[in-house]
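> Please read through the structure below; I'll follow up with questions.
The values are calculated or read from the model by the stated rules, or taken from the named source; none is laboratory data. The model shown is predicted, which means the values in this text are computed figures rather than measured ones. Note that each Cβ is placed from the backbone with ideal geometry, even for glycine, and that neighbours are counted across all protein chains shown. Heavy atoms of the whole protein, side chains included, go into the accessibility calculation; ligands, DNA and RNA do not. Shrake-Rupley method; radii C 1.70, N 1.55, O 1.52, S 1.80 Å.
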Amino acid sequence: MAARDIHGPAPPWGDEFRVVGKPTRKLDGLAKATGAAIYTDDIQLPGMLHAKTLRSTQAHARIRSIDTRAARALKGVHGVITGADLPIRYGVIPWTQDENALAVDKVRFIGDPVAAVAAVDEDTANAALKLIRVEYEPLHAYFDPREAAARHDPAIHEGRKEGNVSKHVRLEFGPVDELAAAADVVLEDEYSFHGSTHAPIEPHCAVATCSADGLLTVWSATQITHYVHRALAQVLEHPPQKIRVIQPCLGGAFGGKSDPFSLEFCVAKLAMLTGRPVKMLYTREEVFYAHRGRHPMSLKYRTAAGRDGRITSVDAKILIDGGSYSSFGLVTTYYAGQLLTGPYDFPSYRFDSTRVFTNKPPCGPKRGHGSVQPRFAFEVQLDQLAEKLELDPIELRRRNFQGERTRTVNGQRITSNGFLACLDQVERASGWKSKRGQMPFGRGVGVAGSMYISGTNYPVYPNKMPQAGVQLKVDRSGLVTVFTGGNDIGQGSNSMCAMIVAEELGVPLEHVRVVAADTDLCPVDLGAYSSRVTFMVGNATIDACRKLRSQIVSAVARVWQCAPERVRLMPGVVIDLEDPARSLSTAAAFQCAEEHFDTLGSTGSYNTPTLGGDYRGGTIGASPAYSFTAHVVEASVDTETGRITVHDVWCAHDCGRALNPMLVAGQIEGSVYMGIAEALLEEHRVNRLGLHAGPSLLDYRLPTSVDTPELHALIVESLDPEGPYGAKEAGEGPLHSSIPALSNAIFDAVGIRMKHLPFTPGRVLELLGEKSEREARARGGVETGGRV
């Protein structure tokens, strides 16, 4: 696929990249490997207090009274706060702000924060928590989303005309029922996806200090510094000019740190009240209560097609368990339907998606937010369709390929699309043709495909300002410092910025420094979510670089008295293309430009073009570009124990252009690892009383290196016309189709359809038993001449 130029897939000096496209270690890799990296919990300030949270023991109850007198009297306690001290609600989505930093009048799940204590150390703070007396009036608790959808008294959130329904979306495109009625084949089935959580290595942590003149500084393990800054100003009623939020080095997030959290408000309030710095570090158990993980979903799909395998109609009905608060739930409800309309073309589509509140830890955005669950159901149903039509599952997907430079049935604009190349890659690399249906009973291969957004047109709070901003500062020594509000959560976004600056300005990579995610120093960026950072921050960085390069080239051309077209910025040197003997070091060129233009620097920004369909919700899920993925999984099933073993996973991902192939491969492998883990091991659930089934890494099972299959990352480059050098996302898309590909591999291995997650040995044995019974009845019918 040929490169095209808007922000410019091609480098500024021709066809050959010098930094971009080369495997490069991350800027912070050495610091992390040697232990020099500073995480939030590493921050120690003079006189710092330690804070802990008292959490609800009730799943749903009114708070009759809270008595904190004994806790306040305990030696070493410097501050105690309750919901009365932080009464203003917040939420990342402006229209669904239903959370308090500490519960006001009511608790909605076991683990809901009720009070916070700041003391000289954690032991004293924990002792103080035991002295707080809370009187509860228990209410009926909802743990089944079906009950929550049907019954609204008592409501989890009072005053809502929708009762316990958090959000309902019903959208229809084209004559869904008419085309289904006319189809040659119609498949209808039900599926379910369980809850799971992020399990980052680093727990949530926040540190706050408030200066004598009222400057509040908060360090937080967050992936949305800008939104935390806004929320702190709102809840604390503190001037935003007097708030600074900094994200130190982050030990993983995967979407689990993309909400403002109780601890950020608590440390800030306690620091303001006590006049001393305050730190709060969640225990692992508290991370499970904070949650914001994958929404459990019950999904019903009806897919209609012609005899040639071309899909004509898709109808979906989805029930979403949102837990106790809204979080990103409004967006989740839309994403569950809006993001299914690729990489396949179908002329009619309807989805009816309902998110309900339950008395469980709140769900939110986990890697592949909102669309992993529907993708699982739909891709399994596509395999069922292929079986019914006696088509190769890869061939079925090829026949329905939507193409590039087109629009989906729901109005999403598709630019580049490398899905066919992804299918080709996994088919060839896995040996699909020689394996599918031809391996011994108990071993099989399965395929699935998907697409995902590269950032979103929806800026969370409405505004027309840039979604990403970058500022460059140039030093006379040749050093360039990048200031970006982008949050590096381990995916390497700071390294991406540095590589672009090195590529554009011809400076060595080691002469680029990145200052990120500090609201005092950096331009606004909306955060690390929806796989937006590479596309949006990358384009903003290119914009800033090209403005600066224009000044440098102009200044050097003036000194050399030549046309600017003759001046090229090469690695460490600036040359005259027509006079090889004439050159300047990069530092000298920067000094030359400063002489002509004053202090040297530039800014750059990115905002999405107008995108999406012309209907309510049409911008949610609309993206400037979409990535595409295909998986093949090879797995075996032990029919005596029900144990599933995944041997190999081939994942081909269309990332537009791999700016750093090593990091792209790492994102692909990490996504696949997480997807297979969700399918086989992980489950975030509560028992019949609302108590978390196992809030620890001993009980919440994660794969070790022994459990991890061989991962084969295959990079496909479609060169998007609007991405930075053609790049698109690579951090979330590669997860989606790993799970249905595994389900389809199990069917190829032993002939059972795994339609409900997780894929436990018990469930495998149950389905194998049902299959044996069906086969026995069929044999009996044939032997007796009876009707089967």
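> Restricting to region 138-176, and then to whatever is over 14 Å from residue 59 (Cβ atoms) and among the small types (Gly, Ala, Ser), can you tell me which residue is surrounded by the most Cβ atoms within 10 Å (Cβ to Cβ)?
Only one residue fits best here, namely 166.
> Residues that are part of a loop (DSSP other than H, G, I, E, B) and within 26 Å of residue 625 (Cα to Cα): does region 315-324 have at least one?
no
> Next question, about the same structure. Counting just the residues of region 540-578 that are open to solvent by 40 Å² or more (accessible area, probe 1.4 Å) and touching a Lys or Arg at 6+ places or on another chain (Cβ under 8 Å), which one comes out farthest from residue 476 (Cα to Cα)?
Filtering first and then ranking leaves 578.
> Got a number for residues in region 407-422 being in contact (Cβ under 8 Å) with a residue 60 or more places away in the chain and over 24 Å from the mean Cα position of the chain (by Cα)?
So the answer is 2.
> Of the residues in region 425-461, how many are touching a residue at least 12 places away in the same chain (Cβ under 8 Å) and either out of contact with any Ser or Thr (no Cβ under 8 Å at 6 or more places or on another chain) or more than 30 Å from residue 525 (Cβ to Cβ) (or both)?
Qualifying residue count, region 425-461: 22.
Here is a yes/no grid of residues against (1) within 23 Å of residue 418 (Cα to Cα); (2) open to solvent by 10 Å² or more (accessible area, probe 1.4 Å); (3) not β-branched (Val, Ile, Thr):
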| site | (1), (2), (3) |
| --- | --- |
| 330 | no, yes, yes |
| 333 | no, no, no |
| 340 | yes, no, yes |
| 344 | yes, no, yes |
| 353 | no, no, yes |
| 357 | no, no, yes |
| 372 | yes, no, no |
| 376 | yes, no, yes |
| 381 | yes, no, yes |
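> For region 580-598, indicate whether the set of residues that are more than 25 Å from residue 540 (Cβ to Cβ), assigned to a loop (DSSP other than H, G, I, E, B) and in contact with a strand residue (DSSP E or B) (Cβ under 8 Å, 6 or more places away or on another chain) is non-empty.
No, because not a single residue in region 580-598 is more than 25 Å from residue 540 (Cβ to Cβ), assigned to a loop (DSSP other than H, G, I, E, B) and in contact with a strand residue (DSSP E or B) (Cβ under 8 Å, 6 or more places away or on another chain).
> Moving to a separate point now. Mind checking which residues of region 373-392 are closer than 19 Å to residue 734 by Cβ and not aliphatic (A, V, I, L, M)?
Within region 373-392, 373, 374, 375, 376, 378, 379 qualify.
> So for region 435-450 (the condition being surrounded by 16 or more Cβ atoms within 10 Å (Cβ to Cβ), of a type in the set (A, V, I, L, M), under 30 Å from residue 229 (Cα atoms) and in contact with a Pro (Cβ under 8 Å, 6 or more places away or on another chain)), does at least one residue qualify?
no
> Do we find a residue being within 30 Å of residue 647 (Cβ to Cβ) and without any contact (Cβ under 8 Å) to a residue 60 or more places away in the chain anywhere in region 473-493?
no
> Continuing with this model, one more query. When residues of region 209-246 are filtered for being open to solvent by less than 10 Å² (accessible area, probe 1.4 Å), touching a Ser or Thr at 6+ places or on another chain (Cβ under 7 Å) and not in a loop (DSSP other than H, G, I, E, B), how many remain?
Looking only at that region, the number is 4.
> What is the one condition in (1) out of contact with any helix residue (DSSP H, G or I) (no Cβ under 9 Å at 6 or more places or on another chain); (2) crowded, with 24+ Cβ neighbours inside 10 Å; (3) not in a helix (DSSP H, G or I) that residue 422 does not satisfy?
So the condition that residue 422 fails would be (3).
> Go through region 307-336 and report how many residues are more than 17 Å from the chain's Cα centre (by Cα) and closer than 22 Å to residue 615 by Cα.
6
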